[in-house]
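Worksheet: one structure, shown below.
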Amino acid sequence: MSNQNHSAPRIVVCGSINMDLVVRCQTIPKPGQTIAAESVTEVCGGKGANQAVAAAKVGGRVQMIGRVGNDAFARRLQANLEQYHVDCQAVLSTDDCASGLAIIALESSGQNAIMVVPGANGQLLESDIQSHHQLIESADVLMLQLEIPTPSVIAAIDIAKQCGVRCILDPAPVAAEWTDGLLDVDLVCPNESEAAAITGIEIDSIEDARTAAQQLINRGAKNAIITLGDRGTVLLADDSFHHIAPTPIQPVDTTAAGDAFASALAVEWANTSNLLQATQFASVAGALAATKFGAQQSLADRNEINARRNHS
């Protein structure tokens, strides 16, 4: 496996680990209504875990910092990560707590309604991050998202900064109590709706995306990328602006496309130190993830990404 290669970049992912319960139904029930659903599927997810799996699939040596509960899902969630060669020594068990859970009602029209119970993810504290200082220090790249408490994310950013470790924040989901301390990173990579929530700029054009990216840099990020779905991706780095055209696809399910993008970017940036090249590689990875149903099973490996790039 390429991710067992000792010259491969070391990626540390600090974030959420969830079990997703996907309930398929004709229509989402209204308050007080009981319906017969068609099926339920248990799918391993959580933005942190998705990014760890995606980074391993594109050739990173991945270590995960997170928490699971002491319920039946905990062992399955950890075994799933290990199946993809993600090192789980820093995945902690949490007493008297359920693992993170997302209940997703998916109606036949494609509309969904989601309830997320943070569970053990909400118990990943600053002290947990501090106790893994050396693990973060050993990384080529630290990856962060926002499904764990904000103070814990900032604690991880601070350690990375002290140690000179490259840090990437995928700011999803954007919390109501946003703080610009989250932007003290080497790269922030929101999608257009997240960028709009952080900056207050409605992104209706490539120029709007450039303005929003510039604001993210003015507020603390060294580099900014905004993914725009079928309008491609914008990158603002070292005062140079790039628009990467979209990879033409027939989208099936965009779940985890952002996670695929961030992880491919982390690994390729570590491999090449060329952020534009890494963004081009990541844009293909994100597009391919949207061509399949589900989260982790939709994530492409390096061979699939390269084949699509060569084909284009």
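Each residue in the range 1-43 was checked for being in a strand (DSSP E or B), within 22 Å of N121 (Cα to Cα) and modelled with pLDDT of 95 or more, and 6 of them qualify. Consider I17 carefully, then state whether it is surrounded by fewer than 20 Cβ atoms within 10 Å (Cβ to Cβ) and either out of contact with any Gly (no Cβ under 9 Å at 6 or more places or on another chain) or over 14 Å from E268 (Cα atoms) (or both). For I17, the condition - surrounded by fewer than 20 Cβ atoms within 10 Å (Cβ to Cβ) and either out of contact with any Gly (no Cβ under 9 Å at 6 or more places or on another chain) or over 14 Å from E268 (Cα atoms) (or both) - is not met.
What are the residues in the range 91-113 that are farther than 11 Å from N18 by Cβ, touching a strand residue (DSSP E or B) at 6+ places or on another chain (Cβ under 7 Å) and either buried (at least 19 other Cβ atoms within 10 Å of the Cβ) or modelled with pLDDT under 95 (or both), if any?
As a first pass, look at the range 91-113 and keep what is farther than 11 Å from N18 by Cβ: 91-97, 105-113.
Next, from what is left, pick out any that are touching a strand residue (DSSP E or B) at 6+ places or on another chain (Cβ under 7 Å): 91-94, 105-107, 112-113.
V91, T94, A105, L106, E107, N112, A113 - these are the residues of the range 91-113 that are farther than 11 Å from N18 by Cβ, touching a strand residue (DSSP E or B) at 6+ places or on another chain (Cβ under 7 Å) and either buried (at least 19 other Cβ atoms within 10 Å of the Cβ) or modelled with pLDDT under 95 (or both).
Count of the range 207-256 residues, restricted to those that are of a type in the set (V, I, T), more than 19 Å from V284 (Cβ to Cβ) and touching a strand residue (DSSP E or B) at 6+ places or on another chain (Cβ under 9 Å), is 1. Under the condition of being surrounded by 20 or more Cβ atoms within 10 Å (Cβ to Cβ) and either of a type outside the set (V, I, T) or at pLDDT below 95 (or both), the residues counted in the range 187-205 number 7. Pairs needed: first member in the range 252-265, on the phi > 0 side of the Ramachandran plot; second member anywhere, at pLDDT 90 or above; C-beta distance under 6 Å; at least 6 residues apart or different chains. Filtered contacts from the range 252-265: A256/N50.
What number of residues within the range 72-109 satisfy the criterion of being in a loop (DSSP other than H, G, I, E, B) and of a type outside the set (S, T, N, Q)? Before the answer, list the steps.
The first filter runs over the range 72-109 and keeps only residues in a loop (DSSP other than H, G, I, E, B), leaving 84-86, 94-99, 108-109.
Then drop every residue that is not of a type outside the set (S, T, N, Q), which leaves 84-86, 95-98.
Of the residues in the range 72-109, 7 are in a loop (DSSP other than H, G, I, E, B) and of a type outside the set (S, T, N, Q).
Residue-by-condition table, conditions (1) more than 19 Å from the chain's Cα centre (by Cα); (2) over 30 Å from L92 (Cα atoms); (3) loosely packed, with under 15 Cβ neighbours inside 10 Å:
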| residue | (1), (2), (3) |
| --- | --- |
| M115 | no, no, yes |
| L146 | no, no, no |
| Q162 | yes, no, yes |
| C167 | no, no, no |
| V174 | no, no, no |
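Within the range 235-248, the set of residues being buried (at least 16 other Cβ atoms within 10 Å of the Cβ) and within 23 Å of A307 (Cβ to Cβ) comprises I244, P246, T247. Filter the range 117-144 down to the residues that are over 19 Å from the mean Cα position of the chain (by Cα) and among the aliphatic types (A, V, I, L, M) and list them by number. Hits for the range 117-144 are L125, L135.
For the range 55-69, which positions are farther than 17 Å from T94 by Cβ and touching a strand residue (DSSP E or B) at 6+ places or on another chain (Cβ under 9 Å)? Outline the logic, then answer.
Here is the first cut: in the range 55-69, the ones farther than 17 Å from T94 by Cβ are 55-63.
A55, A56, G60, R61, V62, Q63 - these are the residues of the range 55-69 that are farther than 17 Å from T94 by Cβ and touching a strand residue (DSSP E or B) at 6+ places or on another chain (Cβ under 9 Å).
Scanning for something over 22 Å from I154 (Cα atoms), without any contact (Cβ under 8 Å) to a residue 40 or more places away in the chain and not hydrophobic (A, V, I, L, M, F, W, C), does the range 209-219 turn up at least one residue? Yes, that holds for at least one residue. Listed conditions (1) of a type outside the set (V, I, T); (2) farther than 27 Å from S273 by Cβ; (3) in contact with an Asp or Glu (Cβ under 7 Å, 6 or more places away or on another chain) are all met by P171, apart from (2).
The values are calculated or read from the model by the stated rules, or taken from the named source; none is laboratory data. Note that this is a predicted model, so its numbers are computed, not measured. Because the Cβ atoms are built from the backbone with ideal geometry, glycine has one as well, and the counts that use them run over all protein chains shown.
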